[in-house]
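Let me begin by presenting the structure, written as structure tokens, before commenting on it.
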Amino acid sequence: MSRRRQIYEGKAKILYEGPEPGTLIQYFKDDATAFNAQKKGTIQGKGVINNRISEYVFTRLNHIGVPNHFIRRLNMREQLVRQVEIIPIEVVVRNVAAGSISKRLGIPEGEMLPHTLIEYYYKDDALGDPLVAEEHIACFGWANHDEMQDIAAMAIRVNDFMAGMFAAINIRLVDFKLEFGRIWDGDFSRVILADEISPDGCRLWDMTTGEKLDKDRFRRDLGGEEEAYQEVARRLGLLQDDAGPSEVLDLTKHRKLRGK
Ligand code: 5GP
């Protein structure tokens, strides 16, 4: 497919104008960034795997009635999506303490939270995506009350679905980030799930070994990020050489095989 006009380039994806009005082509890059782009690198093949994983998750979410922007995958790195008006909020859902909540509140990483937490971060690179309260979202008009109700309900449904989906392949869903957007029908709008769901924006821990199978391998210089992303795809049955039931991942062995 010939490339169309570029609409936006983000850290991990590029958006191009789609073939019909109201559609976009979402291109998945291998580029990886962390700590508000202070750390940059590439994870070989990440774009291809994230495109597949996101297709899989969004398709299944669609089947259970979580409206989202995914239309269809076009090729290895591209998918056709509905154009949305992005709501400038990152919605983080947490089941287990890790990352910024552990740092901010001194909760040891790995501690189960008493119940699932939803947090909101204002999407602004210059400010480092600060944590905000629902009052800020209402006060500054980033989303209205009804939209926030829908967002929270969808976030919980996504969490319930994904926690089960990953548990079935021996992976603990620690936390993840979602983004939502508005679609308009005349004067009326509704909120749908947008962006992507992949190991870039989730914390995924092997339930047996505790091994991290997500972008924290890159953020924390653990190595083996390619293998970790592939392992998630393999366990979901998305790789052609799928070896069947999941086994306990030995990242050290994988890294040795690659000479790293
Ligand atoms: P934390 O707030 O602990 O850094 O991140 C919580 C969860 O949201 C993690 O799964 C992390 O991957 C995801 N997350 C938060 N902010 C971003 C972001 O800007 N980009 C991506 N890819 N994931 C994010």
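The values are calculated or read from the model by the stated rules, or taken from the named source; none is laboratory data. What you see is a predicted model; the values in this text were computed from it and never measured. Neighbour counts are summed over all protein chains in view; Cβ atoms, including those assigned to glycine, are modelled from backbone coordinates with ideal geometry. Heads up: the accessible areas ignore ligands, DNA and RNA and are worked out on the full protein's heavy atoms, side chains in. Shrake-Rupley method; radii C 1.70, N 1.55, O 1.52, S 1.80 Å.
Just to be sure I understand, how many residues within the range 84-126 are surrounded by fewer than 19 Cβ atoms within 10 Å (Cβ to Cβ), under 24 Å from Gly18 (Cβ atoms) and not acidic (Asp, Glu)?
3
So is Tyr27 in a strand (DSSP E or B), out of contact with any Ser or Thr (no Cβ under 7 Å at 6 or more places or on another chain), open to solvent by 20 Å² or more (accessible area, probe 1.4 Å) and not β-branched (Val, Ile, Thr) or not?
Spelling it out, Tyr27 is indeed in a strand (DSSP E or B), out of contact with any Ser or Thr (no Cβ under 7 Å at 6 or more places or on another chain), open to solvent by 20 Å² or more (accessible area, probe 1.4 Å) and not β-branched (Val, Ile, Thr).
Kindly check whether there is at least one residue in the range 180-198 that is in contact with a helix residue (DSSP H, G or I) (Cβ under 7 Å, 6 or more places away or on another chain), at pLDDT 95 or above and surrounded by fewer than 22 Cβ atoms within 10 Å (Cβ to Cβ).
No, that holds for no residue.
Exactly one condition in (1) in contact (Cβ under 8 Å) with a residue 60 or more places away in the chain; (2) part of a helix (DSSP H, G or I); (3) of a type in the set (Gly, Ala, Ser) is false for Gly47; which is it?
(1)
Contact list please: Cβ distance under 8 Å, first residue in the range 3-22 and β-branched (Val, Ile, Thr), second residue surrounded by 12 or more Cβ atoms within 10 Å (Cβ to Cβ), pairs at least six apart or on different chains.
Filtered contacts from the range 3-22: Ile7/Leu15; Ile7/Tyr16; Ile7/Glu17; Ile7/Leu24; Ile14/Gln6; Ile14/Gln26; Ile14/Tyr27; Ile14/Lys29.
Just a yes or no: is a residue in the range 104-112 assigned to a strand (DSSP E or B) and not assigned by the TED database to the domain that holds Leu15?
Yes, the range 104-112 contains at least one residue that is assigned to a strand (DSSP E or B) and not assigned by the TED database to the domain that holds Leu15.
Output the residues belonging to the range 128-149 that are among the hydrophobic types (A, V, I, L, M, F, W, C) and either loosely packed, with under 11 Cβ neighbours inside 10 Å or assigned to a loop (DSSP other than H, G, I, E, B) (or both).
If the condition is that a residue be among the hydrophobic types (A, V, I, L, M, F, W, C) and either loosely packed, with under 11 Cβ neighbours inside 10 Å or assigned to a loop (DSSP other than H, G, I, E, B) (or both), then Ala133, Cys139, Phe140, Trp142, Ala143 are the ones that fit.
Just to be sure I understand the filter: pairs with C-beta atoms under 7 Å, separated by 6 or more residues or on different chains, first member in the range 81-103 and assigned by the TED database to the domain that holds Ala138 and part of a helix (DSSP H, G or I), second member open to solvent by 20 Å² or more (accessible area, probe 1.4 Å) and near the ligand (Cβ under 6 Å from one of its atoms). Which pairs pass?
Gly99/Arg203
Considering the range 85-102 alone, what residues qualify as being near the ligand (Cβ under 6 Å from one of its atoms) and acidic (Asp, Glu)?
Glu90
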